[in-house]
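Worksheet: the structure to be examined is printed underneath.
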Amino acid sequence: MNKNKVVIAALISALMVGCGDTPNSDESVNVASLSKPNFSAMTDVNEKKAAFFAYLMPSVKQENKRVTKERDFLLRIKAELDAGKSPDSEEIDHARRLSKMYSVSFTGDGVTDTWLSHMLLRVDVLPKELVLSQAANESAWGTSRFATEGNNYFGQWCYRKGCGLVPLARNEGSTHEVAVFESAYRSVNAYFMNVNRNSAYAELRELRAAQRRAGKPIEGTKLAEGLIRYSERGNAYVTEIQAMIKHNNKYWSQG
């Protein structure tokens with residue numbers, strides 16, 4: 001077995017552990033410390049895909065677990081309000097922290113039905129097939145300069161001088177850089193927060209909420225319609241992501 005296949009086997013083993021009902025309390029640490037395969041050295045397309053998805057899948061699962069925990073808290077508070085019970089001071093403090101995290105105004109009125117409605121639009125899961133297809137597209141299957149040097153799998157930008165890597169083809173007058181992350185997990189985390197907070201993806205969040213109201217699974221192909229502003233390519237980008245989701249369908253059932 002060659003080195004690449006040894007790495008892939010280890011990643012798939014970690015992925016299967018992450019699928020269990022009783023996650024390791026140190027899972028986020030384990031996810032952040034997974035060894036990154038050399039995707040550029042892989043010449044077999046199926047081998048590269050399997051390695052790429054196995055490498056990032058645990059991070060996606062960890063983020064969805066975090067978001068689900070936050071959403072469950074909000075739903076519990078909503079149930080309390082519906083029952084005529086006011087949240088206690090500890091719940092209010094936690095609500096305030098989440099409000100700041102998700103860039104939703106927390107006014108003097110505190111936890112209200114309106115506030116909860118705004119929060120529940122933002123605090124929700126993202127389907128793995130959507131996240132992983134975008135990661136593959138934006139990072140050229142983990143081989144881009146920004147992925148290899150900066151653990152950036154989604155093309156996230158930053159705007160403070162020295163905050164990341166300067167694009168070689170940056171337009172004259174532009175000042176943005178491509179963010180650098182300490183691990184792939186941090187890149188996935190930043191992507192989740194970007195999609196769940198940024199006004200550019202409000203349509204995606206509305207599509208997700210509509211799926212919730214209809215009692216349907218949160219489905220990546222549909223949500224991709226809300227990514228029209230993620231790329232200058234607009235509709236062509238959305239169509240490409242949807243095609244990637246469908247083409248790689250066999251991988252989504254593995255984790």
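The values are calculated or read from the model by the stated rules, or taken from the named source; none is laboratory data. Computed from a predicted structure; not experimentally measured. In this analysis, Cβ positions are derived from the backbone assuming ideal geometry, glycine residues included, and neighbour counts consider all displayed protein chains. Each accessible area value is taken on the protein alone, full model and side chains, heavy atoms only, with ligands, DNA and RNA left out. Shrake-Rupley method; radii C 1.70, N 1.55, O 1.52, S 1.80 Å.
Provide SER99, SER231 ordered by accessible surface of protein heavy atoms (probe 1.4 Å), highest first. Spell out each step's value before the answer.
Numbers: SER99 0, SER231 25 Å².
Result, largest first: SER231, SER99.
With every protein chain left in place, what is the accessible area per residue of segment 25-167 in square angstrom, probe 1.4 Å? All intermediate terms of the calculation are to be shown ahead of the outcome.
Numbers: 6860 Å² over 143 residues.
Each residue of segment 25-167 exposes 48 Å² on average to a 1.4 Å probe.
List the aspartates and glutamates whose alpha-carbon lies under 19 Å from that of LYS61, not counting same-chain residues fewer than 8 positions away?
ASP21, ASP26, GLU27, GLU70, ASP72, ASP124, GLU129, GLU182, GLU219
Could you calculate the FRET efficiency of SER253 with ASP113 from 1/(1 + (r/R0)^6), where r is the beta carbon distance between them and R0 is 30 Å, rounded to 0.05? List each step's numbers first, then the result.
Details: r = 38 Å, r/R0 = 1.27.
Efficiency computed from Cβ-Cβ geometry: 0.20.
Once the dipole of segment 40-145 is set up with Lys and Arg at +1 and Asp and Glu at -1 on Cβ about the Cα centre, which of TYR55, ALA83, THR112 lies farthest towards its positive end?
TYR55
Which residues among segment 44-73 fall inside the zone where the amide N is under 15 Å from a point 7 Å beyond the Cα of MET101, along Cα→Cβ?
Correct set: 62-73.
For segment 104-236, count all C-alpha to C-alpha pairs, find those more than 25 Å apart, and express that count as a whole percent of the total.
For segment 104-236, the fraction of Cα-Cα distances above 25 Å is 34 percent.
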